[in-house]
Amino acid sequence: MSLGLFYALVGGGLFALGLAGLILQPRLLGKILAFNILGSGAFLVLVGLAQRGGTPDPVPQAMVLTGIVVAVAATALALALTRRLADLSGAAVLPEDDARAPANPRGPDGD
Amino acid sequence: MNRWASVAVALLCAVLALALAWAMWDLPPAPVALPAQVAGSLAISGVEHPVTAVLLNFRGYDTLLEVGVLLIALLGMLAAGATPERMTALPPDPVLEGLARLLAPLMVLVAGYLLWAGAFRPGGAFQAAAVLAAAGVLLRLAGPVTAWTRPGRVLRLALAAGFVVFLAVAVLGLAQGAMLEYPRAWAGSLILAVEAGLTVSLGLTLAGLFLAGPEIPRGGPRT
């Protein structure tokens, strides 16, 4: 197994982990963090798969460089919208998740 | 979500991870050798580093759109509006402020070097912009720079400059036959001009993602 393939496999694991977090985390801040882990996994897959042969491929590296900057900007926008929502509604959870969001931050679903 | 549903989601995601791993393990090598193609065309790209050549020449379209996305993200943040500050008051710290004032010019120098180095070694507009943005965040946390509640005209122009310069260069290429197609002789200079504009605008935009917000209240009178 080449180092590139190892990176790609780790990236696949991070992607699945992030997806689980995105669904299971009741609070928006957790969802945003999970989404970033999911995105990092996708970047790792892109870069890792392209250098399975041993030589780094500049095309996916440039695409991932672009992607990282977009991810930072999207995260900042998501945080701003979350803060706005928290100011307006008093809680950083989506309305349809209100029923299952635990009142205390370390509730049974907070894992 | 009840416990069984959570367990089911976790199991499905584990299955997805295994399926992804299996697919990647069995994936045949790429049928097109992109590194060889990039290396073959590097001589006509205007720069000597493959990643910069891909970013600003071969796949310039992605980069152009990305800069647009960044600008839209910052506009969205500003449009979301200022919210009440919850941060606890920071006491004024003359040492931190002095250090930030000392470091900021050095960071601008490093950004300039990274911009210049991008033509032939790892570096370029994005790395330079990240250093500039870090300087902005540092100055904000240490005190000398205040938050942007309402960016002024100069700041707004500087934010848009990178995208506008890039777009102008891209449209200039239409005279050559295709958008974003640089004239051979001018490719190096045009890429440097675009990168310089991008460094300023991206640095300000990335810093703005942190700076656009309410003022951090200070614990006492500023010295």
The protein assembly as shown: projected area of the alpha-carbon convex hull, averaged over directions, in nm²: 20.5
Given charges at Cβ of Lys, Arg, Asp, Glu: chain B dipole, positive-most of B:Pro105, B:Ala14, B:Leu65: B:Pro105
Cα-only radius of gyration and Dmax that characterise the range B:1-66, units Å: 20.6, 60
Exercise: per-residue mean of other protein chain Cβ atoms within 10 Å, B:6-17: 5
Kyte-Doolittle mean at least 0.5 and Cα axial length at least 18 Å: DSSP H helices in chain B: B:3-26, B:60-80, B:94-117, B:125-142, B:153-172, B:187-211
Accessible area (Å², 1.4 Å probe, nearest 10) - A:Leu33: 110
Reciprocal of mean inverse Cα separation for chain B (Kirkwood radius, Å): 20.7
Chain A: radius of gyration and largest Cα-Cα distance (Dmax), Å: 17.1, 52
Area accessible to solvent at B:Phe210, 1.4 Å probe radius, in Å²: 100
Residue-level accessible surface for B:Asp26, protein heavy atoms, 1.4 Å, Å²: 90
Which of B:Tyr182, B:Tyr113, B:Tyr61 is most accessible, then next, and so on - probe 1.4 Å: B:Tyr61, B:Tyr113, B:Tyr182
Computed [θ] at 222 nm, helices only, for the protein assembly as shown once each DSSP H run of length n ≥ 4 contributes -39500 (n - 2.57): -23000 deg cm²/dmol
Test item: B:67-73 mean partner chain Cβ contacts at 10 Å: 4
Pairwise centroid distance, computed over Cα atoms, of the range A:8-43 with the range B:142-192, Å: 33
Which of A:Leu5, B:Leu106 is most accessible, then next, and so on - probe 1.4 Å: B:Leu106, A:Leu5
Local net charge near A:Val64, Cβ-Cβ under 13 Å (Lys/Arg +1, Asp/Glu -1): -2
Tensor-based shape of the range A:8-61 (alpha-carbon gyration tensor, a/c under 1.5 rounded, otherwise prolate or oblate): prolate
Values of log10 I(q)/I(0), in the order q = 0.18, 0.23, 0.26, 0.30 Å⁻¹, for the range B:155-195 under a Debye, Cα-only, solvent-free model: -0.49, -0.71, -0.83, -0.99
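The values are calculated or read from the model by the stated rules, or taken from the named source; none is laboratory data. Source: prediction; values computed, not measured. Quick reminder, even Gly has a Cβ in these numbers, built from the backbone with ideal geometry, and neighbours come from all protein chains shown. Surface accessibility is based on the protein's heavy atoms, side chains included, excluding ligands, DNA and RNA. Shrake-Rupley method; radii C 1.70, N 1.55, O 1.52, S 1.80 Å.
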